[in-house]
Amino acid sequence: MNRILVAEDEPRIASFLESGLSSNGFVVTVVGDGESAYQYARTGAFDLMVLDLGLPVTDGLTVLRLLRAEKVDLPVVVLTARDSVAETVTGLESGADDYIRKPFGFDELLARVRLRIREPGRAPETTMLRAGDLTLDLRTRRVLLDGGATEVELTAREFALAEAFFRHVDQVLTREQLLSQVWGLDFDPGSNVVEVYVRYLRRKMGGSRIETLRGMGYRLHSLPRPAAGA
C-alpha cells in the first residue's frame, strides 16, 4: 500500500486531499508547514509527496530544492495557486515531477499521483488515454487528432474535463459528476460552466465526439457519430 505525504497548510484542502486519497487506498500523512514537510520527506517512508508551494515556515520551493540537493528522489506533485508561468517553470526546474494549479478537481490530482508514483512490480500508469482516433497525452496535456497527425493545445481546465471524458469513454457522465471531478471544492451547482467547457472541447476535438443526452449528461464516443440525417 502506497504512502502519500500531503504538505498543505489550508485545513479545508488538506482534509479534502486526505479523505479522497484515503478512499482510493493510499495511506496519507498530512503536515501543515514546510519544515515538517522537509523532515518527513527525508525519512524514506513515503512513495510520493503532494506539496503546496505556499507553505509557512519554509516555502515549498525551498523544501523541493533542499530535497533534491540531498538527492532525495521522492516523486513530488506540486500544488500552486500562482498563475505565473515563470513560477511553474521554476518549480519544475527545482525538481517537481508534476504540478496542478488551484482550484483543481480531485480526479485530476488522483491521475497525477497514479502517474508519478513508484510502486515496485507494478506496471506504470499509462500516459496516453484513447478514444478511437483521439488520444489524450497526460504528459503534454494535448489532444492528438486523426491518429496523432494533429496536436491541439488545451487549457488547464479543458484538459481536466477532457481527462474525465477519456477515462470514461462511451459512458454517460452527469453534469454533477463533471462539476465535482473537474471543479472540485469550488464548483457551483447552478453554474453553466460545464456546458461552456464542453463547447470549447467540441471546437477542438470535433463536434460529433461529445454527445449531450438531455436530462442525463454527456458522453464521449470512441468513434465519431454520423451527422444528423445521414
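Values quoted throughout were computed directly from the atomic coordinates according to the rules given, and no laboratory measurement underlies them. As the structure is a computational prediction, the values presented were derived from the model and not from experiment. Every residue, glycine among them, receives a Cβ derived from its backbone with ideal geometry; neighbour counts consider all protein chains shown.
Taking trypsin sites (Lys or Arg not before Pro) as candidate sites, keep only those in a DSSP loop with at most 11 other Cβ atoms within 10 Å, then name the longest stretch of the chain containing none of them.
Details: sites that count: Lys71, Arg122, Arg139, Arg214.
Free of exposed loop sites, the longest segment is 140-213.
Suppose each label sits 7 Å from its Cα in the direction of the beta carbon; what would the Thr155-Ala69 distance come out to in nanometres?
3.8
In the chain, if the dipole is taken from +1 on Lys/Arg beta carbons and -1 on Asp/Glu beta carbons about the Cα centre, which of Leu5, His221, Val31 is farthest to the positive end?
In the chain, that residue is His221.
Work out the length of the dipole vector of the chain about its Cα centre, built from +1 on the beta-carbon of each Lys and Arg and -1 on the beta-carbon of each Asp and Glu, and round it to the nearest 20 debye.
740
Å³ per residue of the Cα convex hull, for the range 131-173? Before the final figure, lay out the partial values.
Values: hull volume 2.6 nm³, N = 43.
Each residue corresponds to 60 Å³ of Cα convex hull volume.
What Kirkwood hydrodynamic radius, in Å, does the chain give when the mean of 1/r is taken over all pairs of distinct Cα atoms and then inverted?
By the Kirkwood definition, the hydrodynamic radius is 18.7 Å.
Given 0.36 nm per residue, what is the gain on full extension from Glu176 to Glu93 after removing their alpha carbon distance, in nm?
On the way: separation 83, 0.36 × 83 = 29.88 nm, distance 3.68 nm.
Full-extension gain reported as 26.2 nm.
DSSP loop GluC sites (Glu not before Pro) in the range 1-76 with at most 15 other Cβ atoms within 10 Å of their Cβ, which ones?
The qualifying sites are Glu70.
Just add up the charged neighbours of Arg175: K/R +1, D/E -1, any other residue whose Cβ is under 13 Å from the Cβ of Arg175.
Summing Lys/Arg as +1 and Asp/Glu as -1 gives -1.
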